[in-house]
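Remarks on the structure that follows.
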Amino acid sequence: MEKLTLAEAERLNNSMITEEHLRIHALNVRYAMGAMARHFGEDEEHWEAVGLLHDYDYEKYPEEHLAHTEEPLLAAGVPAADVRAILSHGYSIRNDVRPETNLEKSLFTVDELTGIIQAAARMRPQGLRDLEVKSFMKKFKDKKFAAKCNRELILTGCEMLGMDVKDVAAICLDGMRPHAEELGLGGTGEPVG
Ligand SMILES: [Fe+2]
């Protein structure tokens with residue numbers, strides 16, 4: 001395999017991730033990465049595949065996250081560049097694999113950023129459907145909201161990308177919104193429009 005495919009990422013992820021909240025997190029990151037690929041004019045399916053697989057070892061090894069990723073994924077035939085990309089989302093927390101490419105910098109950033117989007121959408125009757133960047137930014141600035149989502153990492157990632165948080169958030173929202181139902185973020189209110 002030259003590039004990780006979506007089918008292979010799904011197969012590998014399903015072999016390790018069973019908990020619903022982790023499955024949903026992987027999908028959030030998948031769709032955000034697809035939108036980031038679109039922004040950079042890159043291969044959407046490929047970026048989605050890397051996003052989907054990024055927490056491959058987290059359920060089984062939460063304390064040793066990313067220490068059980070390189071060997072099995074390389075053995076499964078995942079290209080070394082894609083394995084590196086996955087490892088680099090743990091930069092400064094789990095390892096010293098610095099994000100270098102736009103794919104890596106995007107993954108590093110949207111991993112945390114999508115957590116805030118998810119938490120914000122969950123509080124709204126229309127879920128993700130009418131969540132706009134302005135509301136996201138309010139939640140981003142409120143450090144007590146979804147406090148586990150690391151704002152410093154998000155800002156570091158945006159700096160690496162040379163982009164504003166609000167612009168990255170807008171891209172992620174666009175990527176995730178069409179999949180609101182699948183992400184459990186369809187809301188409980190009446191359909192819009
Ligand atoms: Fe993650």
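The values are calculated or read from the model by the stated rules, or taken from the named source; none is laboratory data. Everything numeric here is computed off the predicted structure, so don't read it as measured data. As a convention, Cβ positions derive from the backbone with ideal geometry for all residues, glycine included, and neighbour counts pool all protein chains shown. With ligands, DNA and RNA removed, areas are computed over all heavy atoms of the protein, side chains included. Shrake-Rupley method; radii C 1.70, N 1.55, O 1.52, S 1.80 Å.
Checking each residue in the stretch 36-63 for being within 16 Å of the ligand (Cβ to nearest atom) and either among the small types (Gly, Ala, Ser) or open to solvent by 40 Å² or more (accessible area, probe 1.4 Å) (or both) picks out Ala49, Gly51, Tyr58, Glu59, Lys60, Tyr61, Pro62, Glu63. Could you check the stretch 89-193 for helices (runs of 4 or more DSSP H) lying wholly inside it with 2 or more residues that are of a type in the set (A, V, I, L, M, F, W, C) and touching a Gly at 6+ places or on another chain (Cβ under 6 Å)? Those helices (runs of 4 or more DSSP H) span 102-122.
Is one or more of the residues making up the stretch 92-113 touching a Lys or Arg at 6+ places or on another chain (Cβ under 8 Å) and of a type in the set (Phe, Trp, Tyr)? Checked the stretch 92-113: no residue is touching a Lys or Arg at 6+ places or on another chain (Cβ under 8 Å) and of a type in the set (Phe, Trp, Tyr). Is it fair to say Ile93 is in contact with a Phe, Trp or Tyr (Cβ under 9 Å, 6 or more places away or on another chain) and within 20 Å of Met160 (Cβ to Cβ)? So Ile93 does not fit the description; no. Of all residue pairs spaced 6 or more apart or on separate chains, those with beta-carbon atoms under 8 Å, a first member in the stretch 11-38 that is more than 13 Å from Lys60 (Cα to Cα) and polar (S, T, N, Q) and a second member that is within 11 Å of the ligand (Cβ to nearest atom) and in a helix (DSSP H, G or I) are Asn28/Thr114; Asn28/Gly115. Looking only at the stretch 148-188, which residues are at pLDDT below 95 and surrounded by 18 or more Cβ atoms within 10 Å (Cβ to Cβ)? Selection gives Gly187 alone. In the set (1) under 25 Å from Leu183 (Cα atoms); (2) open to solvent by less than 30 Å² (accessible area, probe 1.4 Å), the condition left unmet by Thr18 is number (2). Of all residues in the stretch 106-132, those that are over 15 Å from His179 (Cβ atoms) and among the acidic types (Asp, Glu) have Cβ atoms under 7 Å from Cβ atoms of residues that are assigned to a helix (DSSP H, G or I) and open to solvent by 20 Å² or more (accessible area, probe 1.4 Å), 6 or more apart or on another chain, in Glu112/Leu153.
Restricting the stretch 1-10 to residues that are within 14 Å of Tyr56 (Cα to Cα) and of a type in the set (Asp, Glu), the residue that is least open to solvent (accessible area, probe 1.4 Å) is Glu8. The selection criterion, being away from the ligand (no atom under 15 Å from the Cβ) and either farther than 27 Å from Glu2 by Cβ or touching a Pro at 6+ places or on another chain (Cβ under 8 Å) (or both), does not hold for Arg84. Exactly one residue out of Gly127, Gly115, Gly77 is at positive phi and buried (at least 18 other Cβ atoms within 10 Å of the Cβ), and it is Gly127.
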